[in-house]
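*Asks:* Structure provided below as structure tokens; questions to follow.
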Amino acid sequence: MKLHTRFLLLCCLFMTQSISATEVEGLFTADVTARSQSLADRNGALSEALQLVFSRFFITNDFAQNPVLKAALGNAASYVGQYQYLQLAGDTATQPANIMRVTFNKDSLTALMRTSGLALWGAKREKTLLWLAIEQGTKKAFLDIAQDTEIAEALQHAESSNGIPLLFPLMDLEEKQAISVMDILSTKPDKALAASERYGVKAVLSGKLVKRRTCWRSEWALHVNNMDERWATPCGKLKANLTSALQTVYQYLSVFYAQKP
């Protein structure tokens, strides 16, 4: 075998084994609605933003009852690195922005969360492989990131909102021969799991996103740690549907990955 061919094969093998682990960006940043730019409304928005950040690290929302974290929510401003008000599309210069983007200090907040005594899912997370079938009318096909831009953007929002890094299949000739849209959400997920082995991931998410006249509904199956969890998300706006779906994924995966400090 030629040297450069062996090198390519080794590179591909290395990427397959290591691509699932990543330092998730944006975990300490949250966008929230602020009623105004007054001090009271700003502090309320900061507390809400901090609560969103906490929800990306702890197993459940019981952190609100934890004395350490409850005190932090009442003094969220002390953990802020920076914040800004965003001008919404269509707003005029005389109309105040009502979206506040808050970025918290990573080091101080991480130290605080570790003192809570609660199980914590760290910022370095394994990627979840996503097989997503799209159904629009009579058309059924796998997600195409380049063509299905609206869905891709909604998925990106759902990823960042819940801190779930996704990995998309290559959909090369080998995979197209090994798995079809009909295999997604099959009661026997053998084909999907077999096709996923090349990526070396622990969690495999299969989904079907169906377009109705004015809304989207979806069905999901999460395979992790020899478990098969299934659920459906009712018809709603695309971004809200996918965000809700990945919120459920977080609930399952955080139990699997979170560790005591």
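*Asks:* In this structure, does ALA146 turn out to be more than 14 Å from the chain's Cα centre (by Cα), of a type in the set (A, V, I, L, M, F, W, C) and modelled with pLDDT under 95?
*Replies:* For ALA146, the condition - more than 14 Å from the chain's Cα centre (by Cα), of a type in the set (A, V, I, L, M, F, W, C) and modelled with pLDDT under 95 - is met.
*Asks:* Another one. With (1) of a type in the set (Lys, Arg); (2) closer than 30 Å to ARG198 by Cα; (3) open to solvent by 50 Å² or more (accessible area, probe 1.4 Å) as the list, and ARG101 as the residue in question, which single condition is left unmet?
*Replies:* Of the numbered conditions (1) of a type in the set (Lys, Arg); (2) closer than 30 Å to ARG198 by Cα; (3) open to solvent by 50 Å² or more (accessible area, probe 1.4 Å), the odd one out for ARG101 is (2).
*Asks:* Just wondering, is there one or more residues in segment 143-166 that are touching a residue at least 12 places away in the same chain (Cβ under 8 Å), within 29 Å of LEU52 (Cβ to Cβ), part of a loop (DSSP other than H, G, I, E, B) and out of contact with any helix residue (DSSP H, G or I) (no Cβ under 8 Å at 6 or more places or on another chain)?
*Replies:* Yes; the residues of segment 143-166 include at least one that is touching a residue at least 12 places away in the same chain (Cβ under 8 Å), within 29 Å of LEU52 (Cβ to Cβ), part of a loop (DSSP other than H, G, I, E, B) and out of contact with any helix residue (DSSP H, G or I) (no Cβ under 8 Å at 6 or more places or on another chain).
*Asks:* Here's something else I'd like to know. Of everything in segment 167-192, what is part of a helix (DSSP H, G or I) and surrounded by fewer than 17 Cβ atoms within 10 Å (Cβ to Cβ)? Give them in sequence order.
*Replies:* Passing the criteria: LEU173, GLU174, GLU175, LYS176, GLN177, ALA178, VAL181, MET182, ASP190, LYS191.
*Asks:* Could I ask something else about it? Out of all the residues in segment 29-76, which are in a helix (DSSP H, G or I) and open to solvent by 60 Å² or more (accessible area, probe 1.4 Å)?
*Replies:* Matches in segment 29-76: LEU39, ALA40, ASN43, GLU48, GLN51, LEU52, ASN61, ASP62, GLN65, PRO67, LYS70, ALA71.
*Asks:* Of (1) farther than 21 Å from ARG217 by Cβ; (2) open to solvent by 20 Å² or more (accessible area, probe 1.4 Å), LEU109 satisfies all except one. Which?
*Replies:* The number of the failed condition is (2).
*Asks:* Does SER116 qualify as being open to solvent by 10 Å² or more (accessible area, probe 1.4 Å), in contact with a Leu (Cβ under 9 Å, 6 or more places away or on another chain) and in a loop (DSSP other than H, G, I, E, B)?
*Replies:* yes
*Asks:* Moving on. Any idea which of (1) within 18 Å of the chain's Cα centre (by Cα); (2) without any contact (Cβ under 8 Å) to a residue 24 or more places away in the chain is the one LEU209 doesn't satisfy?
*Replies:* With respect to (1) within 18 Å of the chain's Cα centre (by Cα); (2) without any contact (Cβ under 8 Å) to a residue 24 or more places away in the chain, LEU209 is out only on (2).
*Asks:* Taking segment 215-249 on its own, how many of its residues are open to solvent by 10 Å² or more (accessible area, probe 1.4 Å), not in a strand (DSSP E or B) and not charged (D, E, K, R)?
*Replies:* Residues meeting the conditions: 9.
*Asks:* Being within 16 Å of THR128 (Cα to Cα) and open to solvent by less than 30 Å² (accessible area, probe 1.4 Å) is the requirement here; does LEU209 meet it?
*Replies:* Against the criterion (within 16 Å of THR128 (Cα to Cα) and open to solvent by less than 30 Å² (accessible area, probe 1.4 Å)), LEU209 does not qualify.
*Asks:* So in segment 79-98, with the set limited to residues that are open to solvent by 50 Å² or more (accessible area, probe 1.4 Å) and either part of a strand (DSSP E or B) or in contact with a Ser or Thr (Cβ under 8 Å, 6 or more places away or on another chain) (or both), which one is modelled with the lowest pLDDT?
*Replies:* PRO96
*Asks:* If we scan segment 121-139, do we find a residue that is in a loop (DSSP other than H, G, I, E, B) and either open to solvent by less than 30 Å² (accessible area, probe 1.4 Å) or among the aliphatic types (A, V, I, L, M) (or both)?
*Replies:* Yes: one or more hits.
The values are calculated or read from the model by the stated rules, or taken from the named source; none is laboratory data. Please read all numbers here as calculations on a predicted model, not as lab measurements. For neighbour counting, all protein chains shown are included, and Cβ atoms are generated from backbone atoms with ideal geometry for every residue, glycine included. Surface areas here come from the heavy atoms of the whole protein model, side chains and all, with no ligands, DNA or RNA. Shrake-Rupley method; radii C 1.70, N 1.55, O 1.52, S 1.80 Å.
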